[in-house]
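Heads up, the thing below is written out as structure tokens.
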Amino acid sequence: MDHHRLTEHRSRRRAPLSGAVLLLVAGLVGVTGVTACSSSDSSGSSSSSGSGSGSGSGDLKSFRTQYKGQCEPLTGGSEAAQLGRIVPDARTFGISAGKGRCAVKADGKKAVTLAVEPARSEEDWQADMIAAVKWGRDQERLDKFGGGYVSGSAAALYVPCPGKRALSVLVTTPPGGHHKKDLATLVERTAARSYKNAGC
């Protein structure tokens, strides 16, 4: 479904978001519990971060050098290079990782969020993604799994799971980004990992 068809679909059908998608959208608006020190998420696991001394631009650090692999349960453990290019250099980084979710902040600002949620039907999922994400004019179709979309600041895939509920995989960064290739890689790897973990 191209961008023109998405626009038509949006005007034709605005299905109410399911509870799972509402949680996803709420998480996209603001990630709580992400700080520059250790904290606990709802799953009971700890989140951690790298930090500088906090004074002056000379203290900026690369996220890739600070990253400890907290998002690996979602991505399968090969996302460091992509995250290193997406997350800007900063004095402090915060990572909140839990079941079906990993969010990164740089100097207190959201840098990237990965989320896996149960999905409704493919048609409903498409409507949900249109409503929940600011795709931008550079939106393109992704032809992996059940299909999806990618732009410079977001990527999403619908993942059918025979005999079980389908999955929605979404990776977002602040609007106006230019990370299309890295976001496509992240969402595909996360979808593959989620498909395997769900026993599909």
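The values are calculated or read from the model by the stated rules, or taken from the named source; none is laboratory data. This structure is a prediction, so every number in the text was calculated from the model and none was measured. No Cβ is skipped: glycine too gets one built from the backbone with ideal geometry, and neighbour counts run over all protein chains shown. Each accessible area value is taken on the protein alone, full model and side chains, heavy atoms only, with ligands, DNA and RNA left out. Shrake-Rupley method; radii C 1.70, N 1.55, O 1.52, S 1.80 Å.
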How many residues does region 175-199 contain that are farther than 21 Å from Trp135 by Cβ and either open to solvent by 50 Å² or more (accessible area, probe 1.4 Å) or in a helix (DSSP H, G or I) (or both)? 7
A careful count of residues in region 36-82 that are assigned to a loop (DSSP other than H, G, I, E, B), within 26 Å of Ser168 (Cβ to Cβ), modelled with pLDDT under 50 and small (Gly, Ala, Ser) gives 4
Which numbered condition in (1) closer than 25 Å to Leu83 by Cβ; (2) under 16 Å from the mean Cα position of the chain (by Cα) is the only one that Arg141 fails? (2)
Given the criteria modelled with pLDDT of 95 or more, closer than 19 Å to Thr190 by Cα and part of a strand (DSSP E or B), does Ala111 qualify? yes
So which residues in region 149-174 are under 22 Å from Glu72 (Cα atoms), crowded, with 19+ Cβ neighbours inside 10 Å and of a type outside the set (A, V, I, L, M), if there are any at all? Ser153, Tyr158, Ser168, Thr172, Thr173
When Trp125 is evaluated against the numbered criteria (1) at pLDDT below 95; (2) within 22 Å of Ala184 (Cβ to Cβ); (3) in a helix (DSSP H, G or I); (4) over 15 Å from the mean Cα position of the chain (by Cα), which criterion, by number, is the only one it fails? (1)
From Gly146, Gly152, which residue is touching a helix residue (DSSP H, G or I) at 6+ places or on another chain (Cβ under 9 Å), free of Cβ contacts under 8 Å to residues at least 60 places away in the same chain, closer than 18 Å to Ala111 by Cβ and not aliphatic (A, V, I, L, M)? Gly152
